[in-house]
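This report refers to the structure that appears directly beneath it.
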Amino acid sequence: MTAASAVPSYDLLTCGETLLRLSPPDMQRLDQARLFEVGIGGSELNVGCVLARLGRRVAWVSRLPLGPLGRLVDGEARRHGVDTRWVRWVEEARLGLMFFEPGPAPRNARVIYDRKHSAASGLAFEDAPWEALIAASSRVHLSGITPALGPSCRALIPQIAALASAAAKPVSYDLNYRATLTTSPEARAMLEAVAPHLELFVVAERDARAVLDFTEEAERLAEAIAARYGVPLVALTRPPGEEPGDLLLARGVLHYAPRYAVEIVDRIGAGDSFVAGLIQGLIEGDLDLAIRLAAYAAAIALATPGDINYFAAEDLAAFHAGAVGRLVR
C-alpha cells in the first residue's frame, strides 16, 4: 500500500462495497432470462463516480477479490475518475452479486443480493490509513449499507465518522435502509452512533417513517429528524407526485427542489445521484443549488440504464441553462 505520507488531497473520501450487477435484457423476468447484462453498482462508489465526473477528486476505499472480477470493478471506478489506490486486494475472496429485475408497471422491480462473505464484508480499520486519508480529504461520505455487511464494517463506520468529526471534516450519511441486510432497530442504532458526527443526513421519507418511527411528513418530518438527532442539514426525498417534493432543511431554513418529468429507465442508483448533487452544491457553498442539483441528478439517473450515473458536463450545462428534456442537435 502507498505510504500514508504520500496521500494526495481529495474533495471526497468514501468507502463501501461494490457489486457485480446482473440484469435480464429486454425487461425479462429473472426466471425467464437465459442471458444477463453485466454492470457495476455500489452506493458509495455511485456517489463518488458522479462527483468525479464533475471534476471532483474522489477516493474510494474497499476490498476487492484479486482477479478478473475485482479488476472489473476497479476499472469501472477508474474510468469515471475515482482514485482506487486505497483498495485492498484479497486472494481467494468473492465479489458480491446483485440480480436486478426491472419492473415496468404494473410489475415490481426487485433486487436479489448474493453478497454474504464477500471481500468487502470484511472491510476493517486496518485496511487503510484512515487518519491520513481523512486529513487529506475535504469531506467524508458514508452509507448505512456498509455497517450492515458484517461485524468489522459495523465497527468501522462510527470510527470513520468520529475521526472525521474530530478533524473538523464534514460527514454525510445516507440511511440507505435495506431490509434484506439489516433490521430497523439495527439501522436506528447505527444512526444514533454516527449522528453526533454528521453535517448532513439523507433519508427517504418512507424510511424515516417505517424505520425511524417518525409520524410527521414533509417539512415537519425534516424538522423532527433534525431535532431528534441534532444534525445541521437534513435532506428528505419524497414520493413522486407529493408536494412539496424533495427538500433540504439547513439549520432551520427550508430549501425546495423542483420536480422533473422523468421517463423511468432504471430505478437503481437514483438516490446515490441525489446525494452526489447535494455534496456538489455543498462544496460550492450553495444550499439552493445543492437540493436543486440533487433532484436533477436523481432524475438523470432514473432516465439512464445502470447503477452508475453517466452524468456529464452537458447535463450540468443544461441544468444551469434551464434547458432540459429537449432535442439537442
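The values are calculated or read from the model by the stated rules, or taken from the named source; none is laboratory data. Everything numeric in this text was worked out from a predicted model, so none of it was measured. All Cβ positions, even for glycine, are placed from backbone atoms using ideal geometry, and neighbour counts span all protein chains on display. These area figures cover heavy atoms from the full protein model, side chains too; ligands, DNA and RNA do not enter into them. Shrake-Rupley method; radii C 1.70, N 1.55, O 1.52, S 1.80 Å.
Structural remarks
- Selection status of L236, open to solvent by less than 20 Å² (accessible area, probe 1.4 Å) and touching a residue at least 12 places away in the same chain (Cβ under 8 Å): yes
- Of the strands (runs of 3 or more DSSP E) lying entirely inside segment 63-159, those carrying at least 1 residues that are in contact with a Lys or Arg (Cβ under 9 Å, 6 or more places away or on another chain) and among the basic types (K, R) are 63-65, 88-90.
- Matching residues in segment 21-56 - criterion: being charged (D, E, K, R) and open to solvent by 10 Å² or more (accessible area, probe 1.4 Å): R21, D26, R29, D31, R34, E37, R53, R56
- Residue within segment 210-230 that is at pLDDT 95 or above, under 22 Å from S138 (Cβ atoms) and buried (at least 24 other Cβ atoms within 10 Å of the Cβ) present: no
- Inclusion of R88 among residues that are basic (K, R), closer than 22 Å to L149 by Cβ and touching a residue at least 12 places away in the same chain (Cβ under 8 Å) is warranted.
- Test: residue in segment 123-144 that is over 21 Å from D11 (Cβ atoms), open to solvent by 40 Å² or more (accessible area, probe 1.4 Å) and over 19 Å from the mean Cα position of the chain (by Cα): yes
- Selection of first residues in segment 312-324 that are surrounded by 11 or more Cβ atoms within 10 Å (Cβ to Cβ) and of second residues that are of a type in the set (K, R), restricted to Cβ pairs under 7 Å at least 6 apart or on distinct chains, gives the following pairs, ordered by first then second residue: A312/R53.
- When the residues of segment 191-208 are filtered to those that are of a type outside the set (V, I, T) and under 17 Å from G245 (Cβ atoms), the one that is surrounded by the most Cβ atoms within 10 Å (Cβ to Cβ) is A208.
- Among the residues of this structure, L327 counts as one that is at negative phi, open to solvent by 10 Å² or more (accessible area, probe 1.4 Å) and in a loop (DSSP other than H, G, I, E, B).
- Filter result for the condition that a residue is of a type in the set (D, E, K, R), open to solvent by 20 Å² or more (accessible area, probe 1.4 Å) and at pLDDT below 95, over R154, R178, R188: R178
- A residue that is modelled with pLDDT of 95 or more, basic (K, R) and within 18 Å of the chain's Cα centre (by Cα) cannot be found anywhere in segment 69-77.
- D266 meets each of the listed conditions (1) buried (at least 19 other Cβ atoms within 10 Å of the Cβ); (2) modelled with pLDDT of 95 or more apart from (2).
- Failed condition for A290, given (1) in contact (Cβ under 8 Å) with a residue 40 or more places away in the chain; (2) within 19 Å of the chain's Cα centre (by Cα); (3) surrounded by 15 or more Cβ atoms within 10 Å (Cβ to Cβ); (4) not in a helix (DSSP H, G or I): (4)
- Evaluated against (1) out of contact with any His (no Cβ under 6 Å at 6 or more places or on another chain); (2) in a helix (DSSP H, G or I); (3) among the small types (G, A, S), A52 falls short on exactly one condition, (1).
- Residue within segment 167-175 that is open to solvent by less than 10 Å² (accessible area, probe 1.4 Å), touching a residue at least 60 places away in the same chain (Cβ under 8 Å) and under 24 Å from N46 (Cβ atoms) present: yes
- Of T14, T18, T84, all but one fail to be hydroxyl-bearing (S, T, Y), touching a strand residue (DSSP E or B) at 6+ places or on another chain (Cβ under 7 Å), open to solvent by less than 10 Å² (accessible area, probe 1.4 Å) and farther than 18 Å from V111 by Cα; the exception is T14.
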